[in-house]
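The values are calculated or read from the model by the stated rules, or taken from the named source; none is laboratory data. None of these values were measured; they are calculated from a predicted model. Reconstructed Cβ throughout: ideal geometry from the backbone, glycine too, with neighbour counts over all protein chains shown. In case anyone asks, the SASA skips ligands and DNA or RNA and just uses the protein heavy atoms, side chains included. Shrake-Rupley method; radii C 1.70, N 1.55, O 1.52, S 1.80 Å.
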Amino acid sequence: MHTMIYLDNSATTRPTEPVIAAVEHAMREMWFNPSALYKPSMDTQKEVEAVRKTVLHAAGADGERLVFTACGTEADNLAILGHLKTRKTHGRVLIFAGEHPAVTSCIPEIERLGYRTEIIAARHDGCADLEKLEKQMDEQVDMIVMMHVNNESGAIQPLSEVCALRDQYCPSAAIHVDGVQGFLRVPVHFHRLGIQSYALSGHKIHALKGVGALIFRKDHKIAPIGFGGGQENGLRSGTENTAGIMSLGAAVEHYPDHGAEWMMERKCQLWEGIHREILEAKMNGPQIGSPACSPHILNVSLTPVRSQTMLFALEGDGILVSAGSACASHKQKISPVLSSMGLSTQEADCALRFSLCPQTSAEDIDYTIERIRTHYRMLKAYTRR
């Protein structure tokens, strides 16, 4: 059997050697509590602060604030609920239709705080519909939540345009961006965009699970949503996960400069190969060449073969892919993201997500195309019409 080919990097990523070395260093040398007053603890705290600067710099956010969290979900919750708790007005919160459950599951809590929520519609390519959004904007909008890259369609959201509309219609509204699928794979210039906060997650970029971060402007108000010993300037209590934080620093420092270019080449290779072998294949998301097309996520419907059927067939060949977002994969229902893009129930039920990383090889892609072709031809013949 072919060695394992892992094409589910949007679910999680394999820790790289520099990350493993950083974790070993943290566990052997820097295991002290950063809050203690003796020198080894202060040295540990210095390394934590160095990572904070590294991550801020990578996001184009030098000089702003960063809170380490346990994951992207916690960072999103802190950004949204923590900010809304500080506002005096209780108007409307606009949330993009394609958001991850880390954001959409906050909606009942947002409404309990006294705000009204409205959904920002998606177009067929998975990008926010700016014309409809413009009509939703007025002085009553307190916050806009818009992801950087959609985790299922790979659509890069038009953040610059959203910020421009905000400046025109509701200049006091905060914009929070879930950057979990975008950070390092798609450029982000925090200062240039004019957003207020940006969430990221370590295990999506080859660091450990259990570490994330929220970047936010110095003048942006956030209240804590958890309470304890007052770490992270009181915003995120709990003893710092130093091994996780150092893994994040190593992942950012060693993420390859050519990563996005390499992944886009592999994505093009994969789509062209699938489309050449299976004329019925349909890409869900921005077309290749579009400025909204991310380099690492390809979503394809292979109608009439159900995604789970193809997923298990490919797993038998050692190829691991996803039938949607891993965070919701145990809930057997049609993806709300794909539904929001106008896919039919059958198209959504036959959708596979391939997500790449800088270590994905051209040979991996060639073998994957060949196995998809073989399985599709056999499975299609057995699929009820």
**Study point:** Net charge over other residues, Cβ less than 12 angstrom from the Cβ of Ala61 (K, R count +1; D, E count -1)
**Key:** +4
Check your understanding: How high is the FRET efficiency between Leu130 and Tyr38 when r is their beta carbon distance and R₀ equals 51 Å, given to the nearest 0.05?
Key -> 0.40
Review point. Near the amide H of Gly212, under 5 Å away, which other amide H atoms are found, from residues 5 or more places off or on another chain, if H is placed in the peptide plane?
Key: Thr69, Ala70, Cys71, Gly202
Check your understanding: Going by accessible area, probe 1.4 Å, with all protein chains left in place, what is the ranking of Trp271, Trp31, Trp262, largest first?
Key -> Trp31, Trp262, Trp271
Check your understanding: Using 7 Å Cα-to-Cβ label points, what is the Lys209/Phe227 separation (nm, one decimal)?
Key -> 3.1 nm
Revision key, fill the gap. Residue span Gln308 to Lys333: 0.36 nm per residue of separation minus Cα-Cα distance leaves a gain in nm of 7.8 nm
Point to revise | Using alpha-carbon coordinates, inclination of helix 362-381 to the longest axis of the chain, degrees | key: 50 degrees
**Study point:** Förster-model FRET efficiency, 22 Å R0, Thr345 and Lys380, C-beta, rounded to 0.05
**Key:** 0.75
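What does the extension gain come out to for Lys282 and Ala50, with contour length at 0.36 nm per residue minus their alpha carbon separation? Write down the numbers at each step before the final one.
Numbers: separation 232, 0.36 × 232 = 83.52 nm, distance 4.51 nm.
Gain on extension, Lys282 to Ala50, equals 79.0 nm.
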Check your understanding: Of Lys46/Lys209; Lys88/Lys204; Lys132/Lys267, which ones are farther than 25 Å apart at the Cα?
Key -> Lys88/Lys204; Lys132/Lys267
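When the helix-only estimate is applied to the chain (DSSP H runs of n ≥ 4, each -39,500 (n - 2.57), divided by the residue count), what is the mean residue ellipticity at 222 nm, nearest 500 deg cm²/dmol? Could the numbers behind the result be given before it?
Working: 14 runs with 148 residues, N = 385.
That calculation yields -11500 deg cm²/dmol at 222 nm.
Roughly speaking, what is the stretch gain from Gln168 to Gln140, that is 0.36 nm per residue apart minus the C-alpha to C-alpha distance, in nm to one decimal? Write out the running numbers ahead of the final one.
Details: separation 28, 0.36 × 28 = 10.08 nm, distance 1.32 nm.
8.8 nm is the gain from fully extending Gln168 to Gln140.
Find the accessible area per residue for the range 170-314; the probe is 1.4 Å, ligands and nucleic acids are left out, and the unit is Å². If you can, show how the numbers build up before the last one.
On the way: 5480 Å² over 145 residues.
Roughly 38 Å² per residue, with all protein chains present.
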Check your understanding: Taking Cα atoms, how many degrees apart are the long axis of helix 242-254 and the longest axis of the chain, rounded to 10 and kept between 0 and 90?
Key -> 60 degrees
